[in-house]
Amino acid sequence: MEKSFLMVKPDGVQRNLVGEIVNRFEAKGFKLAGAKLMVIPNDLAEQHYGEHKERPFFGELVDFITSGPVFAMVWEGENVISTARTMMGKTNPLEASPSTIRGDFGVSVGKNIIHGSDSPESAEREISLFFDEKEIISYTKQD
Ligand code: CMP
């Protein structure tokens, strides 16, 4: 079954949105396979955002994501990668539709509440960056 890496960013944790966000993915019917509250070390942040290394906002991005605890998660389900992206809304919260996470709670493109993998390749890469294999739990869920 498909898995995605999703992470409540420091602004989402500060604004008490962890429960709200977990609730949305649970209510949708996805299965939580891993989760932890953590402060991201600098080298991990630079690896995670490696594709943005040449962007002018890279330093700001790394400073922000390491500025406080994040809630890192692995969610599992059919089409979870693209469905989670739809539920998150556009990267810029000012352009994100109402009833998406960023549309409802986001205030700026830097502080946009949540990160989610954008492809199966990045999901695999990000899950293995943030989680040990033994931290991903495989279990059956009753409907
Ligand atoms: P995310 O999905 O975590 O992936 C890359 C992040 O870069 C993105 O969310 C935004 O938070 C951030 N980002 C994109 N554009 C800008 C920008 N112009 N200034 C600051 N951060 C940005």
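Points to keep in mind about this one:
- Note on the chain: with neighbouring protein chains present and a 1.4 Å probe, carbon and sulfur make up 49 percent of its accessible heavy-atom surface.
- Rounded to two decimals, the Cα-based Rg/Rh of the stretch 1-140, with Kirkwood Rh, is 0.93.
- For the stretch 8-76, the set of GluC sites (Glu not before Pro) satisfying both a DSSP loop assignment and a count of at most 13 other C-beta atoms within 10 Å is given as E54.
- Estimated vicinal HN-Hα couplings, Hz - the stretch 18-29 in sequence order (Karplus 6.51, -1.76, 1.60; Gly, Pro = x): 4, x, 4, 6, 4, 4, 4, 6, 5, 5, 5, x
- When you filter the chymotrypsin sites (Phe, Trp or Tyr not before Pro) in the stretch 54-90 for DSSP loop state and at most 15 other Cβ atoms inside 10 Å of their Cβ, you are left with F57.
- Of D63, D118, D132, the one that fluctuates the most in a GNM where the chain has Cα springs shorter than 10 Å: D132
- Based on protein heavy atoms only, the stretch 45-143 ends up with 58 Å² per residue of surface accessible to a 1.4 Å probe.
- Of K90/K141; K3/K111; K9/K90; K3/K134; K3/K28; K28/K134, those spanning more than 20 Å from alpha-carbon to alpha-carbon: K90/K141; K3/K111; K28/K134
- J(HN,Hα) series, the stretch 64-81, from Karplus relation 6.51 cos²θ - 1.76 cosθ + 1.60, nearest Hz, glycine and proline x: 5, 5, 9, 7, x, x, 10, 10, 8, 9, 10, 10, 10, x, 5, 6, 4, 5
- Restricting the trypsin sites (Lys or Arg not before Pro) of the stretch 105-143 to loop positions (DSSP other than H, G, I, E, B) with no more than 14 neighbouring Cβ atoms within 10 Å leaves K141.
The values are calculated or read from the model by the stated rules, or taken from the named source; none is laboratory data. Since we're looking at a predicted model, the values are computed, not measured. Every residue, glycine among them, receives a Cβ derived from its backbone with ideal geometry; neighbour counts consider all protein chains shown. Calculation scope for accessible area: heavy atoms of the full protein, side chains included, ligands and nucleic acids excluded. Shrake-Rupley method; radii C 1.70, N 1.55, O 1.52, S 1.80 Å.
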